[in-house]
Amino acid sequence: MVISERINGLFRSVGKAIDERDSDFIQELTLRQVQAGAGALDVNIGPGRGAEGPEAMRWLVRTVQEASDLPLCIDTPGLKTMAAGLEACENPAIINSSTAEAEKMLALFPLAREHDADIICLTMDERGVPNDADSRAEMAMLMMTTAMEHDVMPERILLDPLVLPVVAAQDQGWKVIEALRAFRMLNDPAPRTVVGLSNVSNGCRDRSLLNSTYLAMLMGAGLSAAILDPEDRMTMDTVKTAQVLLDQKLYCEDYLRA
Ligand code: THG
């Protein structure tokens with residue numbers, strides 16, 4: 001599943017639209033994501049809003065869901081901002097995200113249960129991202145068992161091994177692929193997985209090529225969903241081609257346009 005990364009206050013034009021409560025801009029952006037083939041929409045108010053976070057998220061969620069019925073992936077590290085987003089959300093909701101930190105899990109799994117939401121579990125804790133696949137899998141297991149204690153079933157979880165920029169941590173590219181393979185062993189049926197794809201090319205040139213090549217590799221390792229730019233032609237063509245090659249989608253001559 002493609003989750004659009006574009007409704008994010010990190011992008012300057014989107015941040016400005018949130019500041020000005022420009023609903024036309026946000027709704028046009030939303031419609032373009034739907035048109036481009038998004039199956040869900042990441043909704044992120046961007047950094048540096050402090051106490052204004054909950055109000056901004058409430059507005060953003062309401063504005064987006066006036067334009068689309070797609071699931072919304074509420075993306076914020078702020079607990080109050082998350083709660084405000086979930087309260088406003090009438091579309092299916094995905095919490096983005098909990099880490100393996102005890103106090104995060106203690107707050108977010110009950111919210112997932114209360115709002116009947118899916119939840120993305122990042123394999124990191126207060127010490128950061130573990131740098132090998134087995135420790136990521138161990139952390140993923142801890143999160144799944146903790147979720148169960150809060151009555152959040154494994155089917156509601158999306159495991160995120162955390163993609164890092166290739167410029168900063170080149171050895172992690174392969175380890176994320178190994179982590180995806182290790183996650184498959186944690187449950188039957190295998191847990192769903194997700195990544196923030198564009199992280200990999202942060203600070204790089206040729207971003208589309210890096211993103212789409214890595215996406216093909218991740219899909220080969222069993223990735224279920226990715227947060228990406230559905231308006232990027234190369235990336236979306238790669239999604240469709242990998243789906244055909246993995247027998248998830250029927251081949252026809254026109255499969256790129258079908
Ligand atoms: N996992 C989960 N959620 C996530 C991420 C993840 N949410 C946020 C992020 N990572 C995925 N979304 C983006 C959005 C934008 C970019 C990367 C990932 C990006 N933006 C450009 C930049 O920063 O250079 C452009 C910004 C601008 O125009 O100013 O790369 O990993 N669960």
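Listed values, structure above:
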| quantity | calculated |
| --- | --- |
| Which numbered condition M82 fails, given (1) more than 15 Å from the chain's Cα centre (by Cα); (2) surrounded by 19 or more Cβ atoms within 10 Å (Cβ to Cβ); (3) among the aliphatic types (A, V, I, L, M) | (1) |
| Members of region 151-179 that are more than 13 Å from the ligand (Cβ to nearest atom), assigned to a loop (DSSP other than H, G, I, E, B) and either over 23 Å from L209 (Cβ atoms) or under 19 Å from the mean Cα position of the chain (by Cα) (or both) | D151, V152, M153 |
| All positions within region 156-185 that are over 19 Å from N96 (Cβ atoms), open to solvent by less than 40 Å² (accessible area, probe 1.4 Å) and either touching a Phe, Trp or Tyr at 6+ places or on another chain (Cβ under 8 Å) or among the hydrophobic types (A, V, I, L, M, F, W, C) (or both) | A169, G173, I177, A182 |
| Among the residues listed as N131, N91, the single one being open to solvent by 10 Å² or more (accessible area, probe 1.4 Å), in contact with a strand residue (DSSP E or B) (Cβ under 8 Å, 6 or more places away or on another chain) and not in a strand (DSSP E or B) | N91 |
| From D22, D42, residue being surrounded by 13 or more Cβ atoms within 10 Å (Cβ to Cβ), under 18 Å from the mean Cα position of the chain (by Cα) and of a type in the set (D, E, K, R) | D42 |
| Filter result for S4 (touching a residue at least 40 places away in the same chain (Cβ under 8 Å), in contact with a helix residue (DSSP H, G or I) (Cβ under 9 Å, 6 or more places away or on another chain) and open to solvent by less than 80 Å² (accessible area, probe 1.4 Å)) | yes |
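One line per residue, one yes/no per condition, for (1) under 21 Å from A182 (Cβ atoms); (2) open to solvent by 40 Å² or more (accessible area, probe 1.4 Å); (3) more than 15 Å from the chain's Cα centre (by Cα); (4) touching a residue at least 40 places away in the same chain (Cβ under 8 Å):
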site: S201; (1), (2), (3), (4): no, no, yes, no
site: R205; (1), (2), (3), (4): no, yes, yes, no
site: L210; (1), (2), (3), (4): no, yes, yes, yes
site: A221; (1), (2), (3), (4): yes, no, yes, yes
site: L245; (1), (2), (3), (4): no, yes, yes, no
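The values are calculated or read from the model by the stated rules, or taken from the named source; none is laboratory data. None of the values given here were measured: they were computed from a predicted structure. Note that we place each Cβ from the backbone using ideal geometry, even for glycine, and neighbour counts take in every protein chain shown. What goes into the accessible areas is simple: the full protein's heavy atoms, side chains included, and nothing from ligands, DNA or RNA. Shrake-Rupley method; radii C 1.70, N 1.55, O 1.52, S 1.80 Å.
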